[in-house]
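Report on one structure; see the data block that follows.
The values are calculated or read from the model by the stated rules, or taken from the named source; none is laboratory data. Only a predicted model underlies this, so the values are computations on that prediction, with no experimental measurement involved. Methodologically, a virtual Cβ is constructed for each residue, glycine included, from the backbone with ideal geometry; neighbour enumeration extends over all protein chains shown. We work out accessible area using only protein heavy atoms, side chains counted, and drop any ligands, DNA or RNA first. Shrake-Rupley method; radii C 1.70, N 1.55, O 1.52, S 1.80 Å.
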Amino acid sequence: MIKGKKISFSAIQPSGNITLGNYMGALRRWPTFQGDYDCIYCVVDEHAITVRQNPADLRHHSLELFAQLIACGIDPERSILFIQSFVPAHAELAWVLNCFTMFGELNRMTQFKEKSLSHADNINAGLFTYPTLMAADILLYQADVVPVGEDQRQHVELCRDIAIRFNGVYGDVFTVPEAEIPKTAGRVMSLQEPEKKMSKSSDNENSYILVMDSPDVIMRKFKRAVTDSQAEVRYDPEQKPGVSNLMDIYAGATGLSMEEIRRQFEGKGYGEFKTAVGEATVELLRPVRENTLRLMADKGELERLMKTGAEKAAAVSSYTMNKVRKKVGFLPR
Ligand code: TYM
């Protein structure tokens, strides 16, 4: 695989059920790279343990997420799809990259600051060095593009800085990757507090839509979404964050422009608008939900795919890891 076509790499944490934000910001776009790119996608269970996980839940979420990625359209025969902890090179390269990453750089990461606040009783070193493991994920596969939501832009920037620094010392070892962030719905916001991003770790389940939510639940959550008192469907994220977020979701689900949406709902109330957003989202997520349920019924097949995916990932990553070992001065094994 290294290096015929350009490479697309991305990853997602199995730290709970995935949301509409994950789907719109990242997952739905991953399959679209198949064809023009060699694609490598990963379920990052090692990242997930930076916050405490129940082991049985983590196993379940990792397996379900693996199935969901296939349900979203990733073809495990054509792309490499695997579980991070199956490939030890990730942790191995992360250690080396830790030695090329500055304390000050990690200390500036917004996600670290946010997670330190929300997990004040467990600000562990893994939470702090999380971005170097993420850089290892990307650099191991010589990725050219990294399709992610807006919230991961800073981490990909840091990955680039680390790659450039390492290459500066040892010559061209790593491809310097670019983040690929969508124009609409790159940052889906909470339905209850639209100034915050939609996140599965919120305490209020009305604030997020899960990919596995049933149609009734999706419709109910949209009906309860926070808007404003103006009764006007107009895009203005500063003044009208709730309505603008719903417009973003509707645009992401239907492909309509903001102007087309404004015209469609001119003179109509928020009730009608919310129903339309709910229905479009139900249809968007329906195939993913149904395919996931079907795939989860055959665990043996999922286990087989996890094994072959990890074998392919290990083969590709060993190329980079051997080069790194040699460059930094480790003796040959
Ligand atoms: P994670 O697991 O939090 O999210 C997975 C993907 O979903 C996107 N996303 C969103 N997009 C739009 N709106 C939202 N509300 C929203 N919430 C999440 C994220 O931007 C991401 O693309 N650190 C990463 C996982 C990771 C990774 C990597 C990604 C580990 N190694 C290497 C790319 C390359 C994370 O926590 O994503």
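Which ones in region 84-122 are among the β-branched types (Val, Ile, Thr) and either not assigned by TED's automatic domain parsing to the domain that holds Ala313 or not in a helix (DSSP H, G or I) (or both)? Can you show your working first?
Applying the first criterion (among the β-branched types (Val, Ile, Thr)) to region 84-122 yields 87, 96, 101, 110.
Within region 84-122, Val87, Thr101 meet the criteria.
What is the residue count in region 75-95 for residues that are farther than 13 Å from Val316 by Cα and either surrounded by 21 or more Cβ atoms within 10 Å (Cβ to Cβ) or out of contact with any helix residue (DSSP H, G or I) (no Cβ under 7 Å at 6 or more places or on another chain) (or both)? Full working, then the answer.
Start the filter on region 75-95 by keeping residues that are farther than 13 Å from Val316 by Cα, which leaves 75-78, 83-86, 91-95.
Filter again for either surrounded by 21 or more Cβ atoms within 10 Å (Cβ to Cβ) or out of contact with any helix residue (DSSP H, G or I) (no Cβ under 7 Å at 6 or more places or on another chain) (or both), leaving 75, 77-78, 83-84, 93-95.
Qualifying residue count, region 75-95: 8.
Which residues, counting only those in region 36-60, are open to solvent by 30 Å² or more (accessible area, probe 1.4 Å), away from the ligand (no atom under 11 Å from the Cβ) and outside any strand (DSSP E or B)?
Asp36, Ile49, Arg52, Gln53, Asn54, Pro55, Ala56, Asp57, Arg59, His60 - these are the residues of region 36-60 that are open to solvent by 30 Å² or more (accessible area, probe 1.4 Å), away from the ligand (no atom under 11 Å from the Cβ) and outside any strand (DSSP E or B).
Take the residues in region 6-19 that are open to solvent by 10 Å² or more (accessible area, probe 1.4 Å) and at pLDDT 95 or above; name whichever of them is nearest to Cys159 (Cα to Cα).
Ala11
Working only within region 142-182, note down all residues that are more than 17 Å from Cys99 (Cα to Cα), free of Cβ contacts under 8 Å to residues at least 24 places away in the same chain and open to solvent by 60 Å² or more (accessible area, probe 1.4 Å).
Glu157, Asp172
Filter region 169-185 down to the residues that are in a loop (DSSP other than H, G, I, E, B), closer than 21 Å to Tyr37 by Cα and near the ligand (Cβ under 10 Å from one of its atoms) and list them by number.
Result: Pro177, Ile181, Pro182.
Look through region 222-247, keep the residues that are at pLDDT 95 or above and touching a Phe, Trp or Tyr at 6+ places or on another chain (Cβ under 8 Å), and return whichever of them is farthest from Thr184 (Cα to Cα).
Looking at the filtered set, the residue picked out is Thr227.
Keeping to region 174-185, report how many residues are touching a helix residue (DSSP H, G or I) at 6+ places or on another chain (Cβ under 8 Å) and farther than 17 Å from Phe9 by Cα.
Total satisfying the criteria: 2.
Hey, Thr184 hits all of (1) within 24 Å of Val211 (Cβ to Cβ); (2) among the β-branched types (Val, Ile, Thr); (3) at pLDDT 95 or above but one; which does it fall short on?
(3)
Considering only region 37-56, I want to know if a residue exists there that is modelled with pLDDT of 95 or more, under 27 Å from His119 (Cβ atoms) and either among the charged types (D, E, K, R) or outside the structural domain of Ala163 (by TED's automatic domain parsing) (or both).
yes
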